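A short worksheet on the structure shown next.
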Amino acid sequence: MNEQFRKRQISFLLQITAFSLLLFGIHWYLLSYFATDILFFFPLWQIYMFHFGVTTILYSVINYQYSIGKTEIFNIFMVVTFLKMILSILFLLPLLLSDFEKKQPDVFNFFIPYFLYLFFEVYSVTQFLQKKP
């Protein structure tokens, strides 16, 4: 495998792990402090594992395509981001179809980290695209 691919991948994995642990800790603290009486459909760790996995796969696909010489990766990024949206809807489908009364806190609980991870992945992809191979 390409050495630059490995370097970018390891660097990204370290960054996303630190980002996820920090974000999870802050999110967990805020929920334990401000939302003690709210019952959530999804445990917080499942939401973060989903975001961590999907974001890592998205970055890995783009990193691989870039490492084999495809520098025009905007279309790939858009397709994979669209697939991420579909997977997010599928993840939330049990909640949306359930008889659970208060769905709004769970939806916010999911989409706030979703957009933070989206910002992180866009930042990470543009960071290595700005460097010359």
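Let me have the 222 nm mean residue ellipticity of the chain computed from DSSP H runs of 4+ only, each contributing -39500 (n - 2.57), with the sum over all residues rounded to the nearest 500. Walk me through the numbers before you get to the answer.
Details: 4 runs with 107 residues, N = 133.
That calculation yields -28500 deg cm²/dmol at 222 nm.
Among Leu129, Phe115, Ser20, pick out the residue whose Cα is farthest towards the positive end of the charge dipole of the chain, where Lys and Arg carry +1 and Asp and Glu carry -1 on C-beta, about the Cα centre.
Comparing the listed Cα positions along the dipole, Leu129 ranks first.
By how many nm would the segment from Val107 to Ile26 grow when fully extended, if each residue of separation counts as 0.36 nm and the alpha-carbon distance is taken off?
Residue separation times 0.36 nm, minus the Cα-Cα distance, leaves 27.4 nm.
Tell me the relative contact order for the range 3-127 as a rounded percent, counting alpha carbon contacts under 8 Å between residues six or more apart.
With pairs under 8 Å counted, the relative contact order is 36 percent.
Can you give the local net charge around Leu92? Use residues other than it whose beta-carbon is closer than 14 angstrom to its beta-carbon, Lys and Arg +1, Asp and Glu -1.
Counting the neighbours of Leu92, the net charge comes to +1.
Grab the Cα-Cα distance for Leu44 and Thr81, subtract it from 0.36 nm times how many residues apart they are, and report the gain in nm with one decimal.
Between Leu44 and Thr81, full extension yields 11.1 nm more.
Every number in this text was worked out from the coordinates using simple rules, so none of it is lab data. Every value quoted in this text rests on a predicted model; they were computed, and no experiment measured them. Heads up, the Cβs are rebuilt from the backbone with ideal geometry, glycines too, and the neighbour counts pull from every protein chain shown.
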